[in-house]
Amino acid sequence: MSTGSPKSGTEVIAQRVLQSAGLNPDSDISAQRLDLTKTVDGMKDGSIDAMFFSGGLPTPGTTDLFTTAKDKVRFLDLTDQLPAMRKVSPVYEAGTIPAATYGLPADAKTIVVPNVLLVRDDLDADLACVLTKALFDRKPQLEQANSAAKGITREDARKTDPVPLHRGAEHALTK
């Protein structure tokens, strides 16, 4: 099983999902800490039985996997693990991978986690404000580049707990 690249967000989430299911990632599975390209190659050639990946939709590697091995792979519904995952962090939520994303017969239930833009606390507040404002002003262009940007909302932008929202971003979001 590939749990993602070492020290990646994918690896952190994989370990949390496994632990929430009562498994010890160090002893109960044979973890391979591989990047997405090597993981997809392993899934296609059968050297890897399962994989974790966290990223925006669609991801090229996952698209490749479903294009070349469509009848041999499927998503697993992990939402039963959500209550345990939320005990670790409240950021985890139930989500859906739309069927059209990877040419699936039906939507796939999953656990989602938001992406954040992190800056240093001492970043100039005006610059943080401009960056945040630009994110929302240019949202249509972001959506053209990646449809996942449709999910970016001002309300969700405030959900940064436990990391405090930068004062410049706060100012941009209250305008």
Considering the stretch 94-129, residues that are touching a residue at least 12 places away in the same chain (Cβ under 8 Å), aliphatic (A, V, I, L, M) and in a helix (DSSP H, G or I), and then whichever is surrounded by the fewest Cβ atoms within 10 Å (Cβ to Cβ), we arrive at L127
In the stretch 148-175, the residues that are surrounded by 15 or more Cβ atoms within 10 Å (Cβ to Cβ) and either within 17 Å of the chain's Cα centre (by Cα) or at positive phi (or both) = A148, A149, I152, A157, T160
Check the stretch 81-93 and report whether any residue there is surrounded by 15 or more Cβ atoms within 10 Å (Cβ to Cβ), outside any helix (DSSP H, G or I) and not charged (D, E, K, R).
-> yes
Here are some conditions: (1) part of a helix (DSSP H, G or I); (2) surrounded by 17 or more Cβ atoms within 10 Å (Cβ to Cβ). F53 meets all but one. Which one does it not meet?
-> (1)
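Every read-out reported here was derived from the displayed coordinates using simple, explicitly stated rules and does not represent laboratory data. These numbers were taken from a predicted model, which means no experiment stands behind them. Every residue, glycine as well, gets a Cβ built from its backbone with ideal geometry; the counts of neighbours run over all protein chains shown.
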